[in-house]
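The values are calculated or read from the model by the stated rules, or taken from the named source; none is laboratory data. Note that the coordinates shown come from a computational prediction; the quantities given were computed from them, not determined experimentally. Please note: Cβ atoms are built from the backbone with ideal geometry, for glycine as well, and neighbour counts cover all protein chains shown.
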Amino acid sequence: MAEKTKPCIGQLQKIGGTLTTRFAPAVIALVRDTAQGLGLSHMDMPSGAGHDAMHIASLCPAGMIFVPCERGISHNEIENATPSDLAAGTRVLVEVLEALANR
């Protein structure tokens, strides 16, 4: 005879949160175009995490570059990215900074 399962009852309560930061469209486009020009996969994504860039964005044009992490886990001690993904992200960063510096 199959065992009956009991319902799991819980309650959610929001205890905090951060709205996504709107970064400069020109910086976002430059990051996207640079990744594409390097033949890298890319996607736009919001981040509610408390990065330095969210504070800087109110002072100057800003953006962020993320690299893939194993199993999608980030901001955690088991976060892991491959050396090749880190190198690709660094290449995008260098080219974006160079382009911004030469504007």
Legend entry - Selected residue [under 13 Å from the mean Cα position of the chain (by Cα) and of a type in the set (S, T, N, Q)] from 84, 74: 74
Inset, instruction - Collect the residues in the stretch 50-103 that are of a type in the set (Lys, Arg) and closer than 22 Å to residue 38 by Cβ, keeping them in residue-number order. - result: 91, 103
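Among the residues of the stretch 21-30, are any of a type outside the set (D, E, K, R), in contact with a helix residue (DSSP H, G or I) (Cβ under 6 Å, 6 or more places away or on another chain), touching a residue at least 12 places away in the same chain (Cβ under 8 Å) and over 22 Å from residue 98 (Cβ atoms)?
yes
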Inset, instruction - Report the residue count in the stretch 1-41 for those that are within 21 Å of residue 67 (Cα to Cα) and of a type in the set (Val, Ile, Thr). - result: 6
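If I filter the stretch 5-17 for residues that are closer than 20 Å to residue 103 by Cβ and touching a residue at least 12 places away in the same chain (Cβ under 8 Å), do I get at least one hit?
No.
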Inset, instruction - Taking the residues in the stretch 1-60 that are closer than 21 Å to residue 74 by Cα, of a type in the set (Gly, Ala, Ser) and not in a helix (DSSP H, G or I) as candidates, determine which candidate is modelled with the lowest pLDDT. - result: 49
Inset, instruction - Note down all Cβ pairs under 8 Å where the first residue falls in the stretch 54-65 and is in contact (Cβ under 8 Å) with a residue 12 or more places away in the chain and farther than 14 Å from residue 18 by Cβ, the second is aromatic (Phe, Trp, Tyr) and part of a helix (DSSP H, G or I), and they're at least six residues apart or on different chains. - result: none
